[in-house]
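A short worksheet on the structure shown next.
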Amino acid sequence: MIVLVRHTRVAVPPGTIYGHSDVQLAASFVEEAEAVVEGLKRLLNEHGKGVDGAHYPVNIHSSPLSRCSRLASHIRQRLGSSSELALAIQGPISFDDRLREMNFGDWENQTWLGIRDAGGETWGDNWETQATPNGESFPQLFERTCAFLDALIAVTEARTGDSVEVVVTHSGVIRCLHAHVNGLARREAFSLSPEFGSVHLLKPPHRAN
């Protein structure tokens, strides 16, 4: 069972481009993080994970950016000490650069409005193929995120027994993985709009769970 979690709200002005940048979390982090944990508990309970007293194994993966790593740490601590579900956290958090948000290069920490005259409009018309200045293209983001998922699936399928894989990451990554497992074209990745702190059950077509 693979569960994707988007990080909570950040303390940046609306319209800011902060893909690869490490930005501060909003002051409401603890409250939002608790809501994420409760959402995860509900999802695990609905799917019968950790409800039979057998200490169900949980692995936590995260983007190394602090808006994800802080949430991953909170999830690890709260799930590991849950009195409602029998869960066994497996080892430390696994940080993976492939889970970082898209790299917007020279546009990092600028605003969408501010880059309109710096190639932003042209990129907006060609985002499916064109890279940002000194940054990534959407196909590059798609390729690295899907490589992470394929590797994770291979590892879980090689294990004896089932597990929960919690992946704390970013909106762009979640969109790519959603499109990948549902056989959607890359341009259809934006059919999903992950909210801050949202929890998503991922169902790879070649896994039974």
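The values are calculated or read from the model by the stated rules, or taken from the named source; none is laboratory data. Quick caveat, the model's predicted, so the values are computed rather than measured. FYI the Cβ positions are ideal-geometry reconstructions off the backbone, even for glycines, and counts take in every protein chain you see. Surface accessibility is based on the protein's heavy atoms, side chains included, excluding ligands, DNA and RNA. Shrake-Rupley method; radii C 1.70, N 1.55, O 1.52, S 1.80 Å.
I'd like to check something: does the range 155-170 contain any residue that is of a type in the set (Gly, Ala, Ser), out of contact with any strand residue (DSSP E or B) (no Cβ under 8 Å at 6 or more places or on another chain) and over 21 Å from Gly39 (Cβ atoms)?
In the first step, residues of the range 155-170 are kept if they are of a type in the set (Gly, Ala, Ser); the result is 158, 161, 163.
Now narrow it down to the ones that are out of contact with any strand residue (DSSP E or B) (no Cβ under 8 Å at 6 or more places or on another chain): 158.
Then drop every residue that is not over 21 Å from Gly39 (Cβ atoms), which leaves 158.
The answer is yes, given that some residue of the range 155-170 is of a type in the set (Gly, Ala, Ser), out of contact with any strand residue (DSSP E or B) (no Cβ under 8 Å at 6 or more places or on another chain) and over 21 Å from Gly39 (Cβ atoms).
Picking from Arg70, Arg100, which residue would you name as being touching a residue at least 24 places away in the same chain (Cβ under 8 Å), within 27 Å of Phe29 (Cβ to Cβ) and open to solvent by 60 Å² or more (accessible area, probe 1.4 Å)?
Values: Arg100 fails: open to solvent by 60 Å² or more (accessible area, probe 1.4 Å).
The conditions single out Arg70.
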Could you give every pair whose Cβ atoms fall below 7 Å, whose first residue belongs to the range 144-166 and is without any contact (Cβ under 8 Å) to a residue 40 or more places away in the chain, and whose second residue is part of a helix (DSSP H, G or I) and of a type outside the set (A, V, I, L, M), counting only separations of at least 6 or pairs across chains?
-> Cys146/Cys176; Cys146/His180
Does the range 180-187 contain any residue that is under 19 Å from His47 (Cα atoms), free of Cβ contacts under 8 Å to residues at least 12 places away in the same chain and either of a type outside the set (Lys, Arg) or open to solvent by less than 10 Å² (accessible area, probe 1.4 Å) (or both)?
-> no
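In this structure, is Ile60 in a strand (DSSP E or B) and open to solvent by less than 50 Å² (accessible area, probe 1.4 Å)?
Here the answer is yes, as Ile60 does meet what is asked.
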Lone unmet requirement of (1) of a type outside the set (A, V, I, L, M); (2) over 22 Å from Ala88 (Cα atoms); (3) surrounded by 19 or more Cβ atoms within 10 Å (Cβ to Cβ) for Phe190 | (3)
Per-region count, the range 120-138, residues surrounded by fewer than 14 Cβ atoms within 10 Å (Cβ to Cβ) and touching a residue at least 40 places away in the same chain (Cβ under 8 Å) | 1
Of the numbered conditions (1) loosely packed, with under 13 Cβ neighbours inside 10 Å; (2) small (Gly, Ala, Ser); (3) at pLDDT 95 or above, Gly91 fails exactly one; give the number of that condition.
-> (3)
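Just name the residue that is nearest to Thr111 (Cα to Cα) out of those in the range 1-51 that are open to solvent by less than 10 Å² (accessible area, probe 1.4 Å) and of a type outside the set (Val, Ile, Thr).
Once the filter is applied, the top-ranked residue is Gly19.
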Please tell me if Ser69 is touching a Lys or Arg at 6+ places or on another chain (Cβ under 6 Å) and among the hydroxyl-bearing types (Ser, Thr, Tyr).
-> no
